[in-house]
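Quick notes on the structure that follows.
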Amino acid sequence: MLASETSIVDALANSLSDWAILATLALSFGVIGGLIAALANRLWFRRWPERADYDNKLGDSAHTSMLGFTAFVLALLISNGLSTLSQTEKAVRAEATSIYRLGRELDAIGPSADAAKRALVSYAQNVAKDEWRRLAKLPISLSPLAQKNLDDLWSALRALPDQNEGATPLRSDLRADLSKLTSQIETSRSARLSAATMNIPDDFWILLVLFVVAASVLSGRDNARHFGVQINMMHMSAIGLAVGMVIILDNPFRGETSIGPEIIEQVWTP
């Protein structure tokens, strides 16, 4: 296993725009695929200038299988990436709703809940400013600042008095509601980490490269003229575009096509 594949993907996604990623991958796959085909023809397939019909059919079948498998896997990964992006955005919006509802309940309690409200506001700000960038790049992690805010929030909720300076006593079920909302926030936070760490393993990239190289080699089994070379490069470039889409969708918190932190940040402002 090559341990650098994930780092390369992370560097590409964090340093280039989506269009630049697509263009870079399309150009790279097209050029490299064309070179591999030319070298395979010159160094290997020219040893057998005459082949039987069965050999040609076998080569066509193997070539089609390689390309078909590559396209199938890439289609599955793109579909999974789009689904993960949609589900994660839904979960983040649910977390924002829980933060808003908890803040609204704390405002209704009054001054005795000020410490809890400050911890909640700090949590939202640290999630947006610190945790989001940690989820977007390797090594992926949650923010210790946001975790401390959650710990402070739990402590402040536990310290709430049963009655606020002679005001109406707290409802008997209010503590349970506050705890439930806080638990929902923690669950949503764990789900964000899970979505960010569902990266494509290095083994996949190795497998994909091997299949693309094999398909490029089989493209060179005949002496290609200019038209054939262009068709082969266009085919490989299309695969490069699909790989670029996989990289773009690999992490829902990274790059241009990602979920923005403003969903959480704008719920409560200091």
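Can you tell me which residues in the stretch 97-118 are buried (at least 21 other Cβ atoms within 10 Å of the Cβ) and among the small types (Gly, Ala, Ser)?
If the condition is that a residue be buried (at least 21 other Cβ atoms within 10 Å of the Cβ) and among the small types (Gly, Ala, Ser), then ALA113, ALA116 are the ones that fit.
Go through the stretch 131-141 and count every residue that is surrounded by fewer than 16 Cβ atoms within 10 Å (Cβ to Cβ) and at pLDDT 90 or above.
So the count comes out to 2.
For ASP203, work out the one condition from (1) closer than 29 Å to PRO49 by Cβ; (2) in a helix (DSSP H, G or I) it doesn't fulfil.
Failed condition: (1).
Please find, within the stretch 175-213, the residue that is nearest to VAL246 (Cα to Cα) out of those that are among the hydroxyl-bearing types (Ser, Thr, Tyr) and surrounded by fewer than 17 Cβ atoms within 10 Å (Cβ to Cβ).
First pass over the stretch 175-213, keeping only residues among the hydroxyl-bearing types (Ser, Thr, Tyr): 179, 182-183, 187-188, 190, 194, 197.
Restricting the remaining residues to those that are surrounded by fewer than 17 Cβ atoms within 10 Å (Cβ to Cβ) gives 179, 183, 187, 190, 194, 197.
Details: SER179: 39, SER183: 33, THR187: 27, SER190: 23, SER194: 18, THR197: 15 Å.
So, considering only residues that are among the hydroxyl-bearing types (Ser, Thr, Tyr) and surrounded by fewer than 17 Cβ atoms within 10 Å (Cβ to Cβ), the one nearest to VAL246 (Cα to Cα) is THR197.
Is there any pair with a first residue in the stretch 2-19 that is under 20 Å from GLU256 (Cβ atoms) and a second that is charged (D, E, K, R) and modelled with pLDDT under 80 whose Cβ atoms are under 9 Å apart and which are 6 or more apart or on different chains, and what are they?
Within 9 Å, the pairs are THR6/ASP202.
Can you pull out every residue in the stretch 184-215 that is under 15 Å from ASP250 (Cα atoms) and hydrophobic (A, V, I, L, M, F, W, C)?
The answer is LEU193, ALA195, ALA196, MET198, ILE200, PHE204, TRP205.
From the set of residues in the stretch 211-270 that are part of a helix (DSSP H, G or I), touching a Phe, Trp or Tyr at 6+ places or on another chain (Cβ under 7 Å) and of a type in the set (Gly, Ala, Ser), which is farthest from LEU135 (Cα to Cα)?
Selected residue: SER237.
Yes or no, residue by residue, for (1) within 29 Å of the chain's Cα centre (by Cα); (2) in contact (Cβ under 8 Å) with a residue 40 or more places away in the chain:
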{"position": "SER83", "(1), (2)": "yes, no"}
{"position": "ARG93", "(1), (2)": "yes, yes"}
{"position": "SER98", "(1), (2)": "yes, yes"}
{"position": "GLU105", "(1), (2)": "no, yes"}
{"position": "GLY110", "(1), (2)": "no, yes"}
{"position": "ASP114", "(1), (2)": "no, no"}
{"position": "LEU120", "(1), (2)": "yes, yes"}
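Given the criteria within 30 Å of LEU138 (Cβ to Cβ), loosely packed, with under 15 Cβ neighbours inside 10 Å and either out of contact with any helix residue (DSSP H, G or I) (no Cβ under 7 Å at 6 or more places or on another chain) or of a type outside the set (A, V, I, L, M) (or both), does ALA75 qualify? Write out each step before concluding.
Values: within 30 Å of LEU138 (Cβ to Cβ): yes; loosely packed, with under 15 Cβ neighbours inside 10 Å: yes; either out of contact with any helix residue (DSSP H, G or I) (no Cβ under 7 Å at 6 or more places or on another chain) or of a type outside the set (A, V, I, L, M) (or both): yes.
When the stated conditions are applied, ALA75 passes them.
Cβ contacts < 8 Å: first residue more than 18 Å from PHE204 (Cβ to Cβ) and part of a helix (DSSP H, G or I), restricted to the stretch 50-78; second residue among the hydroxyl-bearing types (Ser, Thr, Tyr) and at pLDDT below 85, any location; separation 6+ or different chain. Result?
Correct list of pairs: HIS63/SER219.
Out of all the residues in the stretch 142-164, which are among the polar types (S, T, N, Q), surrounded by 14 or more Cβ atoms within 10 Å (Cβ to Cβ) and not in a loop (DSSP other than H, G, I, E, B)? Spell out how you get there, then give the answer.
Applying the first criterion (among the polar types (S, T, N, Q)) to the stretch 142-164 yields 143, 147, 149, 155, 163-164.
Right, trim to surrounded by 14 or more Cβ atoms within 10 Å (Cβ to Cβ) and you get 143, 147, 149, 164.
Once the filter is applied, which keeps residues that are among the polar types (S, T, N, Q), surrounded by 14 or more Cβ atoms within 10 Å (Cβ to Cβ) and not in a loop (DSSP other than H, G, I, E, B), the stretch 142-164 yields GLN147, ASN149.
Output the qualifying pairs, or none if there are none: Cβ atoms under 6 angstrom, residues six or more apart or on different chains, first residue in the stretch 180-195 and farther than 20 Å from ASN80 by Cβ, second residue surrounded by 19 or more Cβ atoms within 10 Å (Cβ to Cβ) and polar (S, T, N, Q).
LEU181/SER98; GLN184/SER98; ILE185/SER98
The values are calculated or read from the model by the stated rules, or taken from the named source; none is laboratory data. All figures in this text were calculated on a predicted structure; none of them were measured in a lab. Glycine gets a Cβ as well: all are built from the backbone with ideal geometry, and neighbour counts include every protein chain shown.
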